[in-house]
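Report on the following structure.
The values are calculated or read from the model by the stated rules, or taken from the named source; none is laboratory data. Because the structure is predicted, anything quoted here is derived from the model rather than measured. Cβ placement follows ideal geometry from the backbone for every residue including glycine, while neighbour counts extend to all protein chains displayed.
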Amino acid sequence: MSGYLTGVLVVLAFNVMAAYAVYLPMAAGQLNLGIAGFMAIGAYASAFLTNEYGWSMWTAIPLGSGLAGLMGIIIGIPVLRTHGIYLAMATFALGQVISAVFLNLEVVGGAAGYPVSDYASPQVVWAAAAGVVVLMLYISRTRFALCLTAVKSDATVADLLGVSVRGMQVAAFALGAAVAGFGGGLYAHHYNFVEAQHFNVLLSVFTVLYVLFGGTQTVWGPLVGAAFFTLVPELLRASDQWRYAVFAAFIILFMAVRPQGLVTTSLMTLFRRRRVTP
Amino acid sequence: MSAALSISGLSKSFAGVRAIRDLSFEVPKGRTTALIGPNGAGKTTVFNMVSGVYGVDAGRITVNGTDVTHMPSRRRISTGVARSFQNIRLMSHLSVLENLLVGQHVRASSLAALLTPYRLIPNHRWKREARAALAESGLEAYADETVGALPYGVRKRIDLVRATLAGASVLMLDEPAAGLNPSETNALRDHLRALAAKGVTLLVVEHDMHFVDSICENVVVLNFGEKIAEGPLSVVRRDPKVREAYIGTDGED
């Protein structure tokens with residue numbers, strides 16, 4: 001495999017993990033615009049453990065992910081009291097705050113960045129991304145996922161049917177944060193370098209775009225969205241300087257034609273019916 | 001006869017306007033009772049207070065002997081009370097079966113239940129139970145349909161099945177017959193009678209007096225948030241206060 005292709009596929013793997021981190025709370029109707037902050041927590045925490053304590057990345061990355069998840073619970077409980085645009089603003093600010101904290105934290109290199117000793121190969125990154133996809137597919141087959149959909153569709157009715165609306169929202173938010181932290185930890189160990197500037201607003205916003213574009217109704221949406229946003233700009237390389245304009249036009253066109261995202265429940269139903277009827 | 005639902009001294013104001021004043025009545029276990037009154041009498045407000053969507057200013061609500069007055073709305077379903085909404089509140093982009101599975105939540109909310117990949121297990125007992133409930137109501141053909149695409153009358157009845165699957169012994173129905181055509185109304189009537197025959201207590205808000213007459217043993221009449229009459233419909237409809245409340249609307253005859 002060429003170095004170029006490997007590089008693109010590694011980026012795809014990171015984008016897929018990030019997309020699912022945003023998708024989980026979104027499946028419960030919550031927008032997390034601060035996902036980059038949770039990636040930073042996972043990245044810095046795991047890098048710190050491998051660098052300073054000589055931990056292996058196999059334990060450091062899951063622990064960084066767990067820490068990001070724990071922060072998700074602690075931060076999610078107060079932040080998820082807000083709704084709509086206020087939640088978007090709160091999570092947006094949250095991402096900024098986390099990133100700014102690491103930028104000023106000299107123990108992890110501050111603005112100069114933080115080199116990481118242990119190395120995660122592309123194969124490890126791909127396997128991890130595949131693991132995240134499998135985990136998401138599993139979750140989507142459970143009652144937990146059904147509860148998230150119920151909360152998103154009609155929180156009042158879900159509550160009256162006994163679903164803990166806040167509990168589900170916090171769980172989805174924290175689980176998303178843990179996935180983000182996992183991706184962040186791998187990122188730090190694959191590129192052997194972390195800098196706070198990487199985990200900026202654009203990263204959060206783009207990840208939300210992947211998910212909205214792919215569609216939030218089914219578990220396949222984030223995968224398709226991340227793949228589209230990663231691969232299409234590469235395919236458009238031939239058009240050189242026009243590729244960003246062409247790509248943006250693509251997005252606007254698709255969002256106009258499919259406002260619910262590329263992959264929707266009705267599309268999946270259509271596929272399933274085709275499969276049973278020969 | 002013991003009461004399935006008991007309301008005493010209930011009051012509620014919105015921005016200084018008294019919506020419910022010192023309201024007391026009981027719904028006997030296993031009976032079908034109607035809550036009637038002109039528009040704005042406070043019928044839906046009573047439902048909202050019993051289900052916990054609104055808090056109460058004063059008074060007490062008990063369901064099957066449990067005081068639910070200050071219980072969080074989420075927990076009330078476990079005392080056996082469920083409700084429907086005037087405008088159907090089903091999750092329209094989910095399938096009928098999935099909507100019913102949400103209805104079972106109160107009986108399947110442990111961590112193990114939440115993490116069971118029931119969708120991967122063919123004929124999982126939750127799905128079996130939901131299909132059986134549908135079949136009992138003659139709705140099995142709709143199991144895999146998306147709710148949003150179904151006729152209004154069918155959706156109203158799926159809403160009922162969902163409440164039954166929650167294990168509700170007291171069902172509050174907000175205008176179940178509104179907007180139904182005659183054959184859908186008949187199907188609904190049969191459905192409600194079947195539920196009543198199983199011992200489910202029903203409290204129905206309804207404007208269609210023929211429908212009320214055909215299923216309810218007792219009616220409670222509200223006007224401006226106060227109870228003005230209570231008893232069998234045939235008696236209540238002759239009450240001068242009730243006739244006065246309905247003047248101009250002619251909802252009685």
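This table checks each residue for (1) without any contact (Cβ under 8 Å) to a residue 40 or more places away in the chain; (2) among the charged types (D, E, K, R); (3) outside any helix (DSSP H, G or I).
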residue: B:Pro176; (1), (2), (3): no, no, yes
residue: B:Ser183; (1), (2), (3): yes, no, no
residue: B:Ala187; (1), (2), (3): no, no, no
residue: B:Leu222; (1), (2), (3): no, no, yes
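The rows are residues; the columns are (1) within 19 Å of A:Tyr20 (Cβ to Cβ); (2) in a helix (DSSP H, G or I); (3) touching a residue at least 24 places away in the same chain (Cβ under 8 Å).
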position: A:Phe182; (1), (2), (3): yes, yes, yes
position: A:Val208; (1), (2), (3): yes, yes, yes
position: A:Leu212; (1), (2), (3): yes, yes, yes
position: A:Ala226; (1), (2), (3): yes, yes, yes
position: A:Phe229; (1), (2), (3): yes, yes, yes
position: A:Pro233; (1), (2), (3): no, yes, no
position: A:Ala249; (1), (2), (3): no, yes, no
position: A:Phe254; (1), (2), (3): no, yes, yes
position: A:Arg274; (1), (2), (3): no, yes, no
Just one of (1) in contact with a strand residue (DSSP E or B) (Cβ under 8 Å, 6 or more places away or on another chain); (2) at pLDDT below 90; (3) of a type in the set (A, V, I, L, M, F, W, C) trips up B:Ile247, so point out which. (1)
For segment B:1-20, which positions are crowded, with 18+ Cβ neighbours inside 10 Å, touching an Asp or Glu at 6+ places or on another chain (Cβ under 6 Å) and under 14 Å from B:Gly59 (Cα atoms)? B:Ser6, B:Lys12
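Matching residues to (1) of a type in the set (Phe, Trp, Tyr); (2) at the interface with chain B (Cβ under 8 Å from one of its Cβ atoms); (3) without any contact (Cβ under 8 Å) to a residue 40 or more places away in the chain:
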| position | (1), (2), (3) |
| --- | --- |
| A:Leu103 | no, no, no |
| A:Tyr119 | yes, no, no |
| A:Ala128 | no, no, no |
| A:Val134 | no, no, yes |
| A:Leu137 | no, no, no |
| A:Thr149 | no, yes, no |
| A:Lys152 | no, no, no |
| A:Ala155 | no, no, no |
| A:Asp159 | no, yes, yes |
Please count how many residues of segment B:57-85 are closer than 21 Å to B:Arg18 by Cβ, among the aliphatic types (A, V, I, L, M) and either free of Cβ contacts under 8 Å to residues at least 40 places away in the same chain or surrounded by fewer than 19 Cβ atoms within 10 Å (Cβ to Cβ) (or both). 1
Only one of (1) in a helix (DSSP H, G or I); (2) within 13 Å of chain A (Cβ to nearest Cβ); (3) more than 18 Å from the chain's Cα centre (by Cα); (4) not basic (Lys, Arg) fails for B:Ala163. Which number is that? (3)
Among (1) surrounded by 22 or more Cβ atoms within 10 Å (Cβ to Cβ); (2) more than 14 Å from chain B (Cβ to nearest Cβ); (3) not hydrophobic (A, V, I, L, M, F, W, C), where does A:Gln169 come up short? (2)
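Quick one: which residue in A:Ile61, A:Ile74 is within 20 Å of A:Ala128 (Cα to Cα), out of contact with any Pro (no Cβ under 8 Å at 6 or more places or on another chain) and not hydroxyl-bearing (Ser, Thr, Tyr)?
A:Ile61
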Would you check if B:Ser109 is modelled with pLDDT under 90, among the hydroxyl-bearing types (Ser, Thr, Tyr) and within 30 Å of B:Thr45 (Cβ to Cβ)? yes
Among helices (runs of 4 or more DSSP H) completely within segment B:77-156, the ones holding 3 or more residues that are more than 8 Å from chain A (Cβ to nearest Cβ) and in contact with a Gly (Cβ under 6 Å, 6 or more places away or on another chain) are none
Scope segment B:140-154; condition closer than 19 Å to A:Thr265 by Cα and in contact (Cβ under 8 Å) with a residue 40 or more places away in the chain; matching residues: B:Tyr142, B:Ala143, B:Asp144, B:Glu145, B:Thr146, B:Val147, B:Gly148, B:Leu150
Per the filter on segment A:81-101, residues buried (at least 18 other Cβ atoms within 10 Å of the Cβ) and more than 22 Å from A:Phe182 (Cα to Cα) are A:Leu87, A:Ala90
State which residue is surrounded by the most Cβ atoms within 10 Å (Cβ to Cβ) when the search covers only segment B:24-56 and only residues that are within 14 Å of chain A (Cβ to nearest Cβ) and in contact with an Asp or Glu (Cβ under 7 Å, 6 or more places away or on another chain). B:Phe47
So if I check each of B:Arg125, B:Arg107, B:Arg89, which one is closer than 14 Å to B:Leu165 by Cα, of a type in the set (D, E, K, R) and touching a residue at least 60 places away in the same chain (Cβ under 8 Å)? B:Arg107
Whether any residue in segment A:211-233 is touching a Lys or Arg at 6+ places or on another chain (Cβ under 8 Å) and more than 14 Å from every other protein chain (Cβ to nearest Cβ) is what I want to check. yes
